[in-house]
Structures are given as structure tokens and as C-alpha cells.
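Engineer: Right, I'll just put the structure down here and ask away after.
Rule-based calculations on the coordinates, nothing more; no lab input. Since the structure is predicted, the reported quantities are computational estimates derived from the model, not experimental observations. Please note: Cβ atoms are built from the backbone with ideal geometry, for glycine as well, and neighbour counts cover all protein chains shown.
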Ligand code: SF4
């Protein structure tokens with residue numbers, strides 16, 4: 001069975017890919033770029049994934065272009081709810097590619113992160129899967145949180161300090177000066 005896995009970054013891919021391969025699934029990655037800001041950060045994460053993919057012999061489709069403008073236009077005036085758009089577009093893009101490539105399933109490394117809205121990602125993935133016509137492969141990969149982190153440190157992978165968009169970077173680093 002073939003799975004197209006949306007990969008947000010190399011670190012979050014380690015545990016889900018290991019688990020899927022242990023279960024006998026054939027995995028291909030898909031790296032979505034529009035939500036990772038600024039561009040230099042996107043390149044850093046992509047290069048980390050390329051290095052990791054080479055080590056574990058993983059084929060990856062890298063999204064073409066870099067539509068930061070489209071991303072920002074789609075979340076403007078509702079920035080506090082931006083993750084809904086972001087999850088949906090990443091899942092839908094993956095599902096459409098999976099359909100075109102005749103994959104049996106699609107899934108996402110977002111299911112590994114303790115920092116994401118896990119239940120929402122599951123519900124959205126299943127709903128997108130139904131509308132596109134490719135089943136969403138759900139598993140709670142958060143159980144491998146520590147294992148994934150240890151492994152990424154051992155491999156010396158680049159580890160980012162914020163989720164991805166420019167708003168998450170502000171939330172992580174901005175502090176009001178009094
Ligand atoms: S915080 Fe993360 S999930 Fe939410 S919109 Fe930004 S990049 Fe997407």
C-alpha cells in the first residue's frame with residue numbers, strides 16, 4: 001500500500017515514517033512550502049529534509065513556487081484562526097497529489113506534533129479525504145514524541161524554533177518592551 005505523507009519538517013517525519021515502514025507501507029513525502037516564512041527559513045527546512053531523505057532513502061515531492069502572498073491574503077483579518085486555513089490547504093494539496101499519483105492513502109506529519117490541534121487535523125483530514133476520494137490515514141504519532149526528538153538530535157538535523165508562518169514567529173519571539 002502506498003502513502004503520500006505531507007511532511008512539515010524532517011524532525012516531525014522521523015517517527016511517522018518509521019512507524020509506517022514497520023507496518024509495511026510504502027511512503028513518499030510531500031513538502032508544502034507556502035506556510036513557512038520567511039523564505040530563508042523555508043529553504044533551511046527543505047535542505048534539512050533533503051539531507052534526511054537521502055539518509056533514509058525517502059522519495060519526496062517538493063512543492064513548486066513560494067506563495068507567501070496567497071497564504072497571507074487567505075488568513076488576513078482572521079489571523080487568530082489562521083491554522084484552520086493552513087491545515088486545510090496542506091491536507092487538501094496532499095490529497096489532490098495523492099489522487100493524481102494513485103496513492104492508497106494520504107497522511108500528515110502534523111499528527112506527530114504535540115503543538116498542533118490534533119483532533120482538528122484528524123477531522124479535517126478525514127473530511128478532505130472523503131471530498132477528494134483518497135482515504136486519510138490516521139494514527140496518533142504523538143506517542144513517539146520523545147523518540148523522534150532524540151533521533152533528530154542524534155542525526156544533527158536543523159531544529160526550528162517556531163511553527164512556520166510569520167505570525168507564529170512573532171508569537172514565539174516578540175516581547176513588549178515596557
Ligand atoms: S501557526 Fe503553524 S499551523 Fe498555524 S498557520 Fe502558522 S504555520 Fe500554519
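Engineer: Could you quote the convex hull projected area for the stretch 39-79, Cα atoms only and averaged over all directions, in nm²? Can you show the working numbers first?
Structural biologist: Numbers: hull surface 14.9 nm².
That works out to 3.7 nm², a quarter of the Cα hull's surface.
Engineer: Moving on to the next point. Fewest Cβ neighbours within 10 Å first, please rank 131, 107 accordingly. Please report the intermediate quantities before stating the final value.
Structural biologist: Numbers: 131 9, 107 27.
Ascending number of Cβ neighbours within 10 Å: 131, 107.
Engineer: Using 0.36 nm times the number of residues separating residue 62 and residue 39, minus their current alpha carbon distance, what extension gain do you get? Let's see the in-between values first.
Structural biologist: Working: separation 23, 0.36 × 23 = 8.28 nm, distance 1.43 nm.
Full extension from residue 62 to residue 39 adds 6.8 nm.
Engineer: Expressed in nm to one decimal, what extension gain is obtained for the pair residue 118 and residue 143 from 0.36 nm per residue of sequence separation less their Cα-Cα distance?
Structural biologist: Working: separation 25, 0.36 × 25 = 9.00 nm, distance 1.24 nm.
Net length gain for the segment: 7.8 nm.
Engineer: So, in nm, how far is label residue 69 from label residue 54 when the simple model puts each one 7 Å beyond its Cα toward the Cβ?
Structural biologist: So the two model labels end up 3.3 nm from each other.
Engineer: Above 21 Å lies some portion of the pair distances; for the stretch 1-151, what is it as a whole percent of all C-alpha pairs?
Structural biologist: Working: 4727 of 11325 pairs.
More than 21 Å apart: 42 percent of the Cα pairs in the stretch 1-151.
Engineer: Along Cα→Cβ, 7 Å out, is where each label goes; now give me the distance between the ones at residue 2 and residue 85 in nm to one decimal.
Structural biologist: It works out to 3.3 nm between the two label points.
Engineer: Report the percentage of all Cα-Cα pairs in the stretch 78-178 whose separation exceeds 21 Å, rounded to a whole percent. Each step should come with its number before you reach the end.
Structural biologist: Details: 2351 of 5050 pairs.
Cα-Cα pairs in the stretch 78-178 separated by more than 21 Å: 47 percent.
Engineer: Fewest Cβ neighbours within 10 Å first, please rank 99, 146 accordingly. Write out the running numbers ahead of the final one.
Structural biologist: Details: 99 15, 146 9.
With the fewest neighbours first, 99, 146 line up as 146, 99.
Engineer: For 34, 6, 88, 161, what ranking results if the residue with the fewest other Cβ atoms within 10 Å of its Cβ goes first?
Structural biologist: Numbers: 34 22, 6 25, 88 17, 161 9.
Ordered by Cβ neighbours within 10 Å, fewest first: 161, 88, 34, 6.
Engineer: Using 16 Å as the cut-off for backbone N distance, which residues of the stretch 41-59 belong to the label zone defined by a point 7 Å from the Cα of residue 26 along Cα→Cβ?
Structural biologist: Within reach of a label on residue 26, which here means backbone N under 16 Å from a point 7 Å along Cα→Cβ, the stretch 41-59 contributes 57-59.
Engineer: So, one more: Per residue, what volume in Å³ does the convex hull of the Cα atoms of the stretch 41-120 enclose? Please list the in-between numbers first.
Structural biologist: Numbers: hull volume 10.7 nm³, N = 80.
Hull volume normalised by residue count: 133 Å³.
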